[in-house]
Each structure stands twice: as structure tokens, then as C-alpha cells.
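Q: So that we are looking at the same thing, I have put the structure below in C-alpha cells.
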Amino acid sequence: MKEKPKYKQPQKIEMENRQWPARVIEKAPVWVPVDLRDGNQAFAKPMNVEEKIRYFKMLTGIGYKEIEVSYPAASSEEFELVRRLIEEKLIPDDVRIVVFTAARRDLIERTVESIRGVRQAVVHCYVATSPLHQKFVFHKSPDELRKMAVDGTRMVVETLKKAGLYERCAYEFSPEEFSDSRLDYIVELAEEVREAWGKPGKENFILNLPATVERRPPNQYADMIELFTRKYSGMAETTLSIHTHNDQGCAIAAAEMAMLAGAERVEGTICGHGERTGNMDLVISALNLMSRGVETGLDFSHLPEIVRFVEDVSEIRLHPRHPYAGELVFTAFSGTHQDAIRKGMAQREEISEYFGQGWKIPYLHIDPADIGRGYEGLIRINSQSGKGGVAYVLEHVYGIQLPKEMQKAVAQAVQKEAEAEGGELSAEKIHSIFLGEFANAKGNVELLDVRIRRPAGKDNPGTDVRLELRINGRQHRIAGTGGGPIEAAAAAFSQCPELPAIQIDSYTEHALGRGSDAHAIAFIGIRSGNGNETVYGAGIDRSINVAAIRALVNAVNRIG
């Protein structure tokens, strides 16, 4: 007997002239969060009613207009949630709640009882239709299972009419494990379920085709959706919905391809919570579309707060590289990435003009500010970081604009410390290294006093600088005259035999801060004697002239 393979390729979907690969998503679907039911049932510690109400308010605040809230027949808490939402008038007028039930009379009656007094709602009924479920879970024939779905739908109609709710409610039906079911069978079942519901209008009948367990690649799921739309006669009277899971890591791709294939409504959860590897992540799906210029109707401008709340109620921490929502998703450690981001951020206006769009930055496909993130964490420093990253941190956190020619020297000092510590360096640590190595450099020379006079004298229009220094423990008073304070200070240094002969290569300065507390920072590069290496120093003071002289002293102290 031939041994059976443990795994097999899923059966191909035979279809001619498929259209979905050439389409583009230009309009957002109806988004339906199922966090309160499908997501919550996968938490080790499910939410209580108060937490669910807070969660519901968060979902309406984001902008969801259709929200699955409960399986009311599953427990008294599930039932209580629906009652409180209705009785306490917590459902906005433009929001439609969804309640979930199996195709059993007692469960349907309890579900309809939970929504009495509702302004509008969707009753969602499901039957698992895959051969695996038919034969080995329900032990029913295909005809018996189809009858279960149709009879369940008729029970929903009968119970809603009896309660006076039929005109206020829509109906959603899910052939669970659609993607593992026989397509022609689902088409026949869907036709009969729609007929049993009997109420016309796309807004009144939702057919949800779930990839309950991800067994197929996303393109095959899309093939099934498109082929279904070709064979099913009721598309004009049906809202086609999808529900994908992430067992193979492709829930987002499956949902996007299914939208291309004809899906108009998408179910999922915030941050992808759900059984096993979870449901399709509504945050990722919506922000993917936003990044391509599609208006989603959702507001994630406070995403960090949303994530913190979801983490609190789920007691599950989000992975730091979770798309959009993770702590590190807008962070670069690599030197080449940091350099490109820094240059891109510095040229946003030019880039915007060139590409004709408001945001296009190297390595950042959306603006972090759009989802409540700042720019201060874009670049973080470790031993793999480069000069651009260090320069970015000093500029964006401390306002220190390192001259380009000095960036390598500062980066080398930071990298040396990072290698010694073996981890990431905070912005405070980087700032401390800069100050200690370049603005307060330890050495043989200490600046005690500065006196600057301009003009230098009656017949000299230049600048006169008089310095009091401590060199190798001995005090010296030196003086020099030049076209400006730097030139005059260099001239004074040349008069002191205990100081090395120097040549000034570069000098820049800028204000540091604003208002009454503002200081000036100066950067200077010098060479000693006939040396070829430029050594850099920085100086900070309220006076830009004194800052320049401090920079010169610090550079001299850094000469090896």
C-alpha cells in the first residue's frame, strides 16, 4: 500500500481570464471589527462587560460603523453587554451592531431577545461547510448541512418578525471554512440562504466567505472569491464579506487580494488578535490603504494609545516590529538607513515637489505623525550606527547641528562607547559623550578668563583677545590680535611655547535654544604643525565669541 503524503498542495482553482490581478483597490471596504467576540474569545482572560464597553467606545471613536459585539447566547455576560449598549444608548445613530449565533432555535431566540429595542442590527448566523466539518464534526451529508443553514435562516426570520425586529435588522450568513469547501456547493447554499432571508437590498443581506483556517495561498483565496461572484446570481442583492485568519502569515495579503476579487466588506481585529495566530489585523489593512492614498474613514492618529489599551485588556504585549503599531517599526539602527532618513527629512519640501506627494522619505513609507508617533525615535544608536544617525539624534533632540566634516569624529567616539557597552545608547548618553569628548575635552589646557576688545586699538580695526589659561597646572596670560576672535585667539596661542602650533581648517556656529536661555555653540577644526589630520572641538557659551574660543581650547586638548 502506497504511503500517503502528510501534506498536499490544495486543489487548484480552475478559472479562465481571472480579472482580480489587474485591479487596484481605490475604495475602502466596510470595515467590521470582531474584537469583542472573535478576538476576545482568544484571550487567556476574556474582557469583562465594563472593559468591553470601553473597547466598544474606542472602536466607535476610530470610526467603525459596523461592529460585531457579542455571541449573546454564549453567556450571561455576552447577553448583558448587548443589553447595556442598547439600554444605556451607547450605540451612535450611524453605527450598526452585529450579534453572532449558531443555527439553532434556542440560540437564535436568545440572540434576538438580546437586541430588543435596538435601532438597527445585523444577526450573524454560521454553519461550517467544509467536507472536514460535514463528515467528521457534524456527521451530516451535504444536503443535511445545507438544510441546517436554510432552516437556521428561516428561524432567524421567524424570530425577528415575532419580535418586531425584522425591518430593523440585516442578516449575515457565514459558510465557515469557505476556503476549504467545495465552491459549487457554497454557491448553491448561498442561493438558498438568500431566498430564505427574503428581504431585498445589498444592505440587508451579507454573505461572509471566511478563510477560517488559512490552508490556501492568498491568490487561490482570491480566485475562489472571483469565481464565486461569477457563479452566484445574487450579487446585486448581496454585500460580499470576507474574514481571513493568519495561520500561514498571509491574512493581510489574502484580504487585499479578496478585495480585488470583489469583496466589499472586511472583518478583522485591532492588532490581529484571535484564535491561533489571530485574525486579519484591521490596523495594518487600513493603514496599508491609507499609505496608497485611499481614504479609509478611520482615525488612527492616536495609535499608541489604542495599542496600550488593547495590550492592557488582552494582557498580551505587541511585538516591537508589528507593522505600524510596534515600538521599533519607524526606527533605524543601521548607519546607511539612518543617513538616508536624515537626508530625506532635511529635504522634505524638495522631495515633495519632485514626486508630487506630501510624504516620501527613505525607509519610511508613511509619516509617523499620522498615527501619533514623533520623529525623535526614528534613529537609535548602537555599534552598527553611523555618523548620520548620531548627527540626527544630536540635532533633533538637542538642537546641535554638527558640521558635516565633524560628524565622523563624533560618530567614532559614540561607536567606541557603544561597542564597549554592547547595546543601544540613549540620546542622553550620546549627548554626554559629545559634551565630554568635544565640548569639555580633558587635556592640559584650561580656559580661566577671556577678554575681547573690538576694535583692538586706536589704529587697529581688528579684534584684541586676552586669555588667562592654566597649562599643565601653571597659569599663563597671553594676548593676540586678528581680524576676529578666532584669528586673535590663534595668534595668542602662537605666542605661548607650551602650546602646539596650530592651523585652523574649519569653523561654524549657530544658536542653541531660543529666548533668554539661549546659548551659542561653535565648532572648530584644527591641524597641529605639519599634521594632516584635522582635530575637532566644540564650545558652548552665552557669547558666541567666547563659545568659539572654548571650541579652540577643546580642539587643542584633543590633539593626541
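The values are calculated or read from the model by the stated rules, or taken from the named source; none is laboratory data. It should be emphasised that the depicted structure is a prediction, and the values quoted were computed from it without experimental measurement. Cβ placement follows ideal geometry from the backbone for every residue including glycine, while neighbour counts extend to all protein chains displayed. Accessible surface areas use protein heavy atoms only, side chains included; no ligands, DNA or RNA. Shrake-Rupley method; radii C 1.70, N 1.55, O 1.52, S 1.80 Å.
Residue-by-condition table, conditions (1) touching a Lys or Arg at 6+ places or on another chain (Cβ under 8 Å); (2) over 28 Å from Arg216 (Cα atoms); (3) in a helix (DSSP H, G or I):
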position	(1), (2), (3)
Pro5	no, no, no
Pro10	yes, no, no
Glu14	no, no, no
Arg18	no, no, no
Glu51	no, yes, yes
Thr60	no, yes, yes
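Q: Sticking with this structure for a sec: Could we say that Arg474 is at pLDDT 90 or above and open to solvent by 30 Å² or more (accessible area, probe 1.4 Å) here?
A: Details: at pLDDT 90 or above: yes; open to solvent by 30 Å² or more (accessible area, probe 1.4 Å): yes.
Taking the combined requirement at face value, the residue satisfies it.
Q: Further question: For region 296-330, enumerate the residues that are under 16 Å from the mean Cα position of the chain (by Cα) and part of a helix (DSSP H, G or I).
A: Let us first name the residues in region 296-330 that are under 16 Å from the mean Cα position of the chain (by Cα), namely 296, 298-311, 317-330.
Listed by number, the residues that qualify are Leu303, Pro304, Glu305, Ile306, Val307, Arg308, Phe309, Val310, Glu311.
Q: Separate question: Give the number of residues within region 156-181 that are open to solvent by 40 Å² or more (accessible area, probe 1.4 Å) and more than 21 Å from Ser241 (Cβ to Cβ).
A: At the first step, the residues of region 156-181 found to be open to solvent by 40 Å² or more (accessible area, probe 1.4 Å) are 158, 161-164, 167-168, 176, 180.
Now drop any that are not more than 21 Å from Ser241 (Cβ to Cβ), which leaves 158, 161-164, 167.
Residues flagged as open to solvent by 40 Å² or more (accessible area, probe 1.4 Å) and more than 21 Å from Ser241 (Cβ to Cβ) within region 156-181 amount to 6.
Q: Related question: Working only within region 376-407, note down all residues that are open to solvent by less than 60 Å² (accessible area, probe 1.4 Å) and either assigned to a loop (DSSP other than H, G, I, E, B) or of a type in the set (Asp, Glu) (or both). It would help to see each step written out before you state the result.
A: Quick first cut of region 376-407, residues open to solvent by less than 60 Å² (accessible area, probe 1.4 Å) only: 377-383, 385-386, 388-394, 399-400, 402-403, 406-407.
Correct list: Gly377, Leu378, Arg380, Asn382, Ser383, Ser385, Gly386, Gly399, Ile400, Leu402, Pro403.
Q: Now for a separate question. Got a number for residues in region 105-144 being free of Cβ contacts under 8 Å to residues at least 24 places away in the same chain and either under 16 Å from Glu80 (Cα atoms) or part of a helix (DSSP H, G or I) (or both)?
A: The initial filter retains those residues of region 105-144 that are free of Cβ contacts under 8 Å to residues at least 24 places away in the same chain, namely 134-141, 143-144.
Next, only the ones that are either under 16 Å from Glu80 (Cα atoms) or part of a helix (DSSP H, G or I) (or both) stay: 134-136, 143-144.
The number of residues fulfilling the criteria is 5.
Q: Which condition does Ala520 not pass, out of (1) loosely packed, with under 14 Cβ neighbours inside 10 Å; (2) in contact with a His (Cβ under 8 Å, 6 or more places away or on another chain); (3) among the hydrophobic types (A, V, I, L, M, F, W, C), if it passes all the others?
A: Condition (1) is where Ala520 drops out.
Q: Identify all residues within region 308-345 that are open to solvent by 80 Å² or more (accessible area, probe 1.4 Å) and on the phi < 0 side of the Ramachandran plot; write none if there are none. Don't jump to the end; show me each part of the working.
A: Just the residues of region 308-345 that are open to solvent by 80 Å² or more (accessible area, probe 1.4 Å), to begin with: 308, 312, 315, 317, 319, 321, 327, 336, 343.
Once the filter is applied, which keeps residues that are open to solvent by 80 Å² or more (accessible area, probe 1.4 Å) and on the phi < 0 side of the Ramachandran plot, region 308-345 yields Arg308, Asp312, Arg317, His319, Arg321, Glu327, Thr336, Lys343.
Q: Looking at region 298-306, can you tell me whether even one residue there is over 20 Å from Gly63 (Cβ atoms) and either touching a Gly at 6+ places or on another chain (Cβ under 8 Å) or surrounded by fewer than 16 Cβ atoms within 10 Å (Cβ to Cβ) (or both)? Break it down stepwise before answering.
A: Applying the first criterion (over 20 Å from Gly63 (Cβ atoms)) to region 298-306 yields none.
No.
Q: Kindly indicate whether any position in region 420-428 is open to solvent by less than 10 Å² (accessible area, probe 1.4 Å), within 15 Å of Gly335 (Cβ to Cβ), not aromatic (Phe, Trp, Tyr) and not in a helix (DSSP H, G or I). Working first, answer last.
A: Going residue by residue through region 420-428, those that are open to solvent by less than 10 Å² (accessible area, probe 1.4 Å) are 425.
Those left that are additionally within 15 Å of Gly335 (Cβ to Cβ): 425.
Add one more test, that the residue is not aromatic (Phe, Trp, Tyr), and what stays is 425.
Then drop every residue that is not not in a helix (DSSP H, G or I), which leaves 425.
There is at least one residue in region 420-428 that is open to solvent by less than 10 Å² (accessible area, probe 1.4 Å), within 15 Å of Gly335 (Cβ to Cβ), not aromatic (Phe, Trp, Tyr) and not in a helix (DSSP H, G or I).
Q: Name the pairs whose Cβ atoms lie under 8 Å apart, with the first residue in region 252-277 and part of a helix (DSSP H, G or I), the second of a type in the set (Phe, Trp, Tyr) and open to solvent by 10 Å² or more (accessible area, probe 1.4 Å), and 6 or more positions between them or separate chains?
A: Hits for this filter: Met257/Trp20; Leu260/Trp20; Ala261/Trp20.
Q: Quick one: Gly293 ticks every box in (1) surrounded by 23 or more Cβ atoms within 10 Å (Cβ to Cβ); (2) in a loop (DSSP other than H, G, I, E, B) bar one, so which box is it?
A: (1)
Q: Looking at Asp93 and the list (1) open to solvent by 70 Å² or more (accessible area, probe 1.4 Å); (2) assigned to a helix (DSSP H, G or I); (3) of a type outside the set (Gly, Ala, Ser), which single condition is not satisfied?
A: Only one criterion is unmet by Asp93, namely (2).
Q: Let me confirm something: among Ile540, Ile526, Ile549, which residue is open to solvent by 20 Å² or more (accessible area, probe 1.4 Å) and β-branched (Val, Ile, Thr)?
A: Values: Ile526 fails: open to solvent by 20 Å² or more (accessible area, probe 1.4 Å); Ile549 fails: open to solvent by 20 Å² or more (accessible area, probe 1.4 Å).
The conditions single out Ile540.
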